[in-house]
Amino acid sequence: MNFFESIRVSLRALRANKLRSALTMLGMIIGVAAVIAMVGIGNGATASITSQIQGLGSNLLTISSGQSNSGGVRGGAGSSDALSMTDVSKIPIDTAVKAVSPVTTTNAQVVFGSGNTSTSITATTADYALIKNVTIASGRFITQEDVDSSARVAVLGPTVVTNLMGDANASVIGKVIKINNVPFQVIGVTTATGSTGFMSSDDMITAPISTVQARLIGKKTVRSILVSATSADFMQTAQDEITTALHKAHKIPEGKADDFTVQNQADMLATMTGVTQTLTMLLGGIAGISLLVGGIGIMNIMLVSVTERTREIGIRKAIGAKGMDILLQFLIEAVVLSVLGGGIGIALGYGGSTLAGKALKMSTSISMTSVLVAFCFSAAIGIVFGVFPARKAAAMDPIDALRYE
Amino acid sequence: MIDLKGIKKIYANGDIQVAALNGVDLHVGASEFVSIMGPSGSGKSSMMNILGCLDTPTEGEYYLDGTDVAKASGDDLSVIRNRKIGFVFQGFNLLARTTAVENVELPMLYAGIGGKERRARAIAALESVGLGGRIHHRPKELSGGQQQRVAIARALVTKPSIILADEPTGNLDSRSSEEVMAIFQRLHASGNTIIIVTHEPDIAEFTQRIVRFRDGHIEGDEVVQNQRLAQALVLEEGEAK
Ligand SMILES: Nc1ncnc2c1ncn2[C@@H]1O[C@H](COP(=O)(O)OP(=O)(O)OP(=O)(O)O)[C@@H](O)[C@H]1O
Ligand SMILES: [Mg+2]
């Protein structure tokens, strides 16, 4: 019997038992959908974290107060007030260090006319634009004079403009907005970067750090200091220079713990993607187990089916079916169940992760490889878990099978 | 055609051994029409299963068309059953959820015959047993006699050299029985070798030779003196095409 005939015979048997076939597939559907969705969400999370960290700036070193254990991320970082504007001037601009800029962030209520929005205020200096690759769509960025004179000026992100004026293209330069009831003059609007969600550079206002400290926070807080190294090769040199400079400035004796932390972007990236990748693997692993359970479900049903159809097997053998014909028939049934289940699962997982992405406001990414792997994997599950029942069927003795009641 | 030499079939049930066949020698030539008779448990079915290559003997030689098939492997036996033997069972053994024509197509499926030819030959075979009007019926939509005729169509559709039937009329009333025997007589007339097992002497009278079994061996072998001619009764309404 040729292969296509075997497929037809198998499909007919599956159709004859629609409910059972559907229920058997359900295990595969759920398993594959779970794997696809979990890996998709995990990859999406990794990608968005990577792009967020990369979006922080190039060759970036971040100094934050609080001590750290060997460069890792630590919950307590930034909690004390170890950094000050003096520290900023202590870091030398040289071959390794291109620019230094202090940053303090706070949240504020912003009002313009009848429009009002809540957004984050980034208080910083002129070099921030250089370090973070901020580009200006209209107007200008804050300058050293603004900082020196504590000018009440603000640079708006495009999302803020939309939220305040209802239109991203509204002309706002020169207008006065109120940030926590303090009037600020708008001097520029940044170019949209497209980043959304937490730490979006589109939904924030940049203002001189001196003004924000005096008018909005009331303290001379410096949350962190951003340092841009001249190139990736100078990251380590820059980091060493910062450490030496701050050791001196903070008068930390040799061997005592630092009260600040220098993180470089690569470390952060590695830590964060490490975390999300572990999470992805964990989620994928759990989903994989459900796939395994789905496979065992197929085997279980196929075994029942073989027993139930013993007489049919006997009849087929009596009129000339060889072991291989019977084996193929049952194997194809198992593979069709698993592959069909896998296909539906892929579609469902794709839809599910897209929906989850929408709900959680994050991008999900389902790679062609993960689809392909899931598909091949479900086919493999069909073969692996189908072979045992199929061999059992193929090995049946025609006389015994015909006698079976 | 068929040559059995010292065939033994021994079933071992734990410590107890049952010799269903205890040294059977039998020769059946081409185009013979033989019935096997004997009391219940005398080994008739065991014999037929071996003849039909469904089972292998514990001991002895079985030459079918000159080759010893007693020691053939499972897959080789499948091929022999498919090419040379048409088997008709007492319980019909049709696939339940499958239509008459698809049941008849089945052996040709395993013989590797293409779909179009398969369908044409299956329909022709069903017509030859008077079921041309019932080809798309499922077994449960057919009477016992009709089901047995589907089974006969399935047995003869591959044009086997031997047709074996173990109590083909065992589940049928006398009218259906005679119809089935009429079909066998017609097949015999066209040159087929036919061996049937039966309990009923009047069914045996439709054949030409009676082999009598007792306790696993042949007790008698006689020629039927006055072979009865089975009447192909009028086909039921709608069966004639
Ligand atoms: N699978 C088996 N296992 C053990 N013993 C068996 C088996 N099949 C048949 N027998 C025994 O072999 C003997 C012959 O059985 P067989 O079925 O050939 O008889 P039979 O002549 O066809 O009888 P009947 O007319 O009732 O159909 C019986 O004693 C039976 O109990
Ligand atoms: Mg019997």
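The values are calculated or read from the model by the stated rules, or taken from the named source; none is laboratory data. From a predicted model like this one, the values you see are computed outputs, not experimental measurements. In this analysis, Cβ positions are derived from the backbone assuming ideal geometry, glycine residues included, and neighbour counts consider all displayed protein chains.
Of A:ASP148, A:ASP167, A:ASP233, all but one fail to be modelled with pLDDT of 90 or more, exposed (fewer than 15 other Cβ atoms within 10 Å of the Cβ) and either of a type in the set (D, E, K, R) or in contact with a Leu (Cβ under 7 Å, 6 or more places away or on another chain) (or both); the exception is A:ASP148.
Taken over segment A:356-405, the residue count meeting the criterion of being within 14 Å of another protein chain (Cβ to nearest Cβ), away from ligand 2 (no atom under 16 Å from the Cβ) and at pLDDT below 90 is 1.
Going residue by residue through segment A:333-346, is there one that turns out to be under 29 Å from B:ILE80 (Cβ atoms), within 14 Å of chain B (Cβ to nearest Cβ) and over 25 Å from the mean Cα position of the chain (by Cα)? Checking segment A:333-346: not a single residue is under 29 Å from B:ILE80 (Cβ atoms), within 14 Å of chain B (Cβ to nearest Cβ) and over 25 Å from the mean Cα position of the chain (by Cα). Residue by residue through segment B:161-180, note down the ones that are buried (at least 22 other Cβ atoms within 10 Å of the Cβ), away from ligand 2 (no atom under 16 Å from the Cβ) and under 12 Å from the mean Cα position of the chain (by Cα). Across segment B:161-180, the qualifying residues are B:ILE162, B:ILE163, B:VAL180.
Please go through segment B:64-74 and give me each residue that is over 18 Å from the mean Cα position of the chain (by Cα) and either within 16 Å of ligand 1 (Cβ to nearest atom) or outside any loop (DSSP other than H, G, I, E, B) (or both), ordered by number. Listed by number, the residues that qualify are B:THR67, B:ASP68, B:GLY74. Checking every residue in segment A:207-222 against the condition of being closer than 25 Å to A:LYS361 by Cα, in a loop (DSSP other than H, G, I, E, B), in contact (Cβ under 8 Å) with a residue 40 or more places away in the chain and among the basic types (Lys, Arg) gives zero matches. When B:THR98 is tested against (1) within 9 Å of chain A (Cβ to nearest Cβ); (2) of a type in the set (Val, Ile, Thr); (3) farther than 19 Å from B:GLN146 by Cα, exactly one condition is not met: (3).
Yes or no: B:TYR62 surrounded by 19 or more Cβ atoms within 10 Å (Cβ to Cβ) and touching a strand residue (DSSP E or B) at 6+ places or on another chain (Cβ under 7 Å)? Answer is yes for this residue.
Looking at segment B:44-55, can you tell me whether even one residue there is part of a helix (DSSP H, G or I), more than 16 Å from ligand 2 (Cβ to nearest atom) and hydroxyl-bearing (Ser, Thr, Tyr)? Show your work before the answer.
Let us first name the residues in segment B:44-55 that are part of a helix (DSSP H, G or I), namely B:44-51.
In the following step, the residues that additionally are more than 16 Å from ligand 2 (Cβ to nearest atom) were identified as none.
Checked against the condition, which is being part of a helix (DSSP H, G or I), more than 16 Å from ligand 2 (Cβ to nearest atom) and hydroxyl-bearing (Ser, Thr, Tyr), segment B:44-55 yields no hits at all.
Please find, within segment B:90-129, the residue that is nearest to ligand 2 (Cβ to nearest atom) out of those that are buried (at least 16 other Cβ atoms within 10 Å of the Cβ) and in contact (Cβ under 8 Å) with a residue 60 or more places away in the chain. In this case the residue turns out to be B:GLN90. Could you please let me know if B:ALA151 is closer than 29 Å to B:THR207 by Cβ and more than 14 Å from every other protein chain (Cβ to nearest Cβ)? No, not satisfied. Condition check: free of Cβ contacts under 8 Å to residues at least 12 places away in the same chain, more than 15 Å from ligand 1 (Cβ to nearest atom), in contact with a strand residue (DSSP E or B) (Cβ under 6 Å, 6 or more places away or on another chain) and away from chain A (no Cβ under 13 Å). Does B:ASP3 satisfy that? Here the answer is no, as B:ASP3 does not meet what is asked. Mind listing whichever residues of segment B:6-41 are among the β-branched types (Val, Ile, Thr), farther than 21 Å from B:ILE162 by Cα and under 20 Å from the mean Cα position of the chain (by Cα)? If the condition is that a residue be among the β-branched types (Val, Ile, Thr), farther than 21 Å from B:ILE162 by Cα and under 20 Å from the mean Cα position of the chain (by Cα), then no residue fits. Under the condition of being crowded, with 23+ Cβ neighbours inside 10 Å and either among the acidic types (Asp, Glu) or away from chain B (no Cβ under 14 Å) (or both), the residues counted in segment A:313-330 number 1. Candidates are the residues of segment B:20-42 that are more than 16 Å from ligand 2 (Cβ to nearest atom) and either over 23 Å from B:PHE184 (Cβ atoms) or in contact with a Pro (Cβ under 6 Å, 6 or more places away or on another chain) (or both); the one that is nearest to the other protein chains (Cβ to nearest Cβ) is B:ASN22. Just so you know, in segment B:104-120 the residues that are among the charged types (D, E, K, R) and more than 16 Å from B:ALA151 (Cβ to Cβ) include one that is farthest from the chain's Cα centre (by Cα), and it is B:LYS116.
From B:SER45, B:SER78, which residue is within 15 Å of ligand 1 (Cβ to nearest atom), within 18 Å of the chain's Cα centre (by Cα) and within 14 Å of chain A (Cβ to nearest Cβ)? When all the criteria are applied, what remains is B:SER45.
Does A:SER363 count as crowded, with 20+ Cβ neighbours inside 10 Å, assigned by TED's automatic domain parsing to the domain that holds A:LEU23 and among the hydroxyl-bearing types (Ser, Thr, Tyr)? Explain how you work it out, then say what you get.
On the way: crowded, with 20+ Cβ neighbours inside 10 Å: no; assigned by TED's automatic domain parsing to the domain that holds A:LEU23: yes; among the hydroxyl-bearing types (Ser, Thr, Tyr): yes.
No.
Does segment B:181-203 hold any residues that are within 16 Å of ligand 2 (Cβ to nearest atom) and surrounded by 23 or more Cβ atoms within 10 Å (Cβ to Cβ), and which are they? Scanning segment B:181-203 gives B:ILE195, B:ILE196, B:VAL197, B:THR198, B:ILE203. When the test is whether a residue is closer than 16 Å to B:GLY29 by Cβ and modelled with pLDDT of 95 or more, B:VAL197 does not pass it.
Do the conditions hold for B:ARG154, that is, is it at pLDDT 95 or above and more than 24 Å from B:GLY41 (Cα to Cα)? Steps first, answer last, please.
Details: at pLDDT 95 or above: yes; more than 24 Å from B:GLY41 (Cα to Cα): yes.
In short, yes.
For segment B:106-120, residues that are facing chain A (nearest Cβ under 10 Å) and assigned to a helix (DSSP H, G or I) total 8. Contact map, segment A:393-405: residues that are closer than 14 Å to B:GLY52 by Cα paired with residues that are surrounded by fewer than 19 Cβ atoms within 10 Å (Cβ to Cβ) and among the charged types (D, E, K, R), Cβ distance under 8 Å, separation 6+ or inter-chain. Pairs shown: A:LEU402/A:ARG311. Of the set (1) within 25 Å of B:ILE50 (Cβ to Cβ); (2) in a helix (DSSP H, G or I); (3) more than 9 Å from chain A (Cβ to nearest Cβ), all apply to B:PHE92 but (2).
Among the residues of segment A:146-185, the one identified as under 31 Å from the mean Cα position of the chain (by Cα) and among the charged types (D, E, K, R) is A:ASP167.
Among the listed residues B:GLY170, B:GLY191, identify the single one that is within 28 Å of B:LEU64 (Cβ to Cβ), within 16 Å of ligand 1 (Cβ to nearest atom), of a type in the set (Gly, Ala, Ser) and not in a strand (DSSP E or B). After applying the criteria, what remains is B:GLY170.
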